[in-house]
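No lab work stands behind these numbers, since they all come straight from the coordinates. For clarity, every value in this text was computed on a predicted model and none was experimentally measured. Cβ placement follows ideal geometry from the backbone for every residue including glycine, while neighbour counts extend to all protein chains displayed.
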Amino acid sequence: MEIIIQPDPASASALAARVIVRLLRAKPDAVLGLATGSTPLLLYRELIRLHAAGEADFSRVRTFNLDEYIGLAPEHPQSYHSFMWQNLFGHINIDPRNVRIPDGQAADVPAFCAQYEEQIRAAGGIDIQVLGIGTDGHVGFNEPSSSLASRTRIKTLTVQTRRDNARYFGSEDQVPQHVITMGVGTVMDARQCLLLAFGSAKAPAIAAAVEGPITAMNPASILQMHPTAKVLLDEPAAASLKRADYYRWVYASKPDWQRL
Ligand code: GLP
């Protein structure tokens, strides 16, 4: 794992955007795995800015989103479809035919999930997977106890996640109980993972994911087994890391050719 601690979310997000733009220059039809939530918002804003500045072309990019709430129509204001169009897709030159987001209204959920996996495979796999982390260590909506080999499927949210996400819905009981999420195994198949985490509420989950044992009780901890995972943090999210000084030292000492 490469742990990169930045002074604030904006600088960490700018680094993540740079990694993505570099990929798009090398591979204009790259496949991006995308996340929702408050964490990637600054990254998406930066990608929009780079697109407006002529530095990022999304015309051939293909995307797969991590997850969606079951029962929400795409046009529901809290659906992840709405989130993505509002916060990224609506502001860049992406071809809507190249966008995939799990269908929260799928009539046959297992069949839909199998098809989603097949679409990822047919696209050649995900080049970069953007991830946030839940306060319970979830990635996508893979809650604690998720199989670390899981594929896209239905999950039931924990009380903690529904509480965390109640801020978007008005109240906890309006947060759907079920979701479709890429599995932990699906995420691990991405050629590169970029996990972003900001704020002190994420510090315990990050410390467990980065420095704790690999365990299904903190699904993000499996990223320790990913060959090219980068964890981009602001100072408050890094506050519980025992080896923070070492990670800072490693990042500051990178050879020029390895700099982001
Ligand atoms: C949500 C999403 C995750 C996200 C996480 C953290 O429920 N399903 O993909 O990473 O929880 O959300 P936030 O970035 O708003 O803290």
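By the beta-carbon count within 10 Å of each Cβ, the least crowded to most crowded order of Ser11, Ser240, Ser253, fewest first, is Ser253, Ser11, Ser240.
Dividing the summed helix terms, -39500 (n - 2.57) for each DSSP H run of n ≥ 4, by the number of residues in the chain produces a 222 nm estimate of -10000 deg cm²/dmol to the nearest 500. P(r) for region 8-130, from all Cα pairs and a bin width of 5 Å, is 2, 11, 21, 24, 20, 13, 7, 2, 0 %, short bins first.
Annotation: the residues Trp257, Trp85, sorted from fewest to most other C-beta atoms within 10 Å of their own C-beta, follow the order Trp257, Trp85.
So how strong a dipole does the chain carry about its Cα centre when Lys and Arg Cβ are +1 and Asp and Glu Cβ are -1, to the nearest 20 debye?
On the way: 25 positive and 26 negative charges, 118 e Å.
Roughly 560 debye, rounded to the nearest 20.
With kT/(6 pi eta Rh) evaluated at 37 °C and eta = 0.692 mPa s, and Rh the Kirkwood radius from Cα pairs, the chain diffuses with a coefficient of 179 µm²/s according to Stokes-Einstein. With each label point set 7 Å from Cα along the Cα-Cβ vector, what nm distance links Leu260 and Tyr246? Distance between label points: 2.0 nm. Annotation: the residues Ile214, Ile206, sorted from fewest to most other C-beta atoms within 10 Å of their own C-beta, follow the order Ile214, Ile206. Extension gain, Phe169 to Ala114, is 16.9 nm, computed as 0.36 nm per intervening residue step minus the present C-alpha separation.
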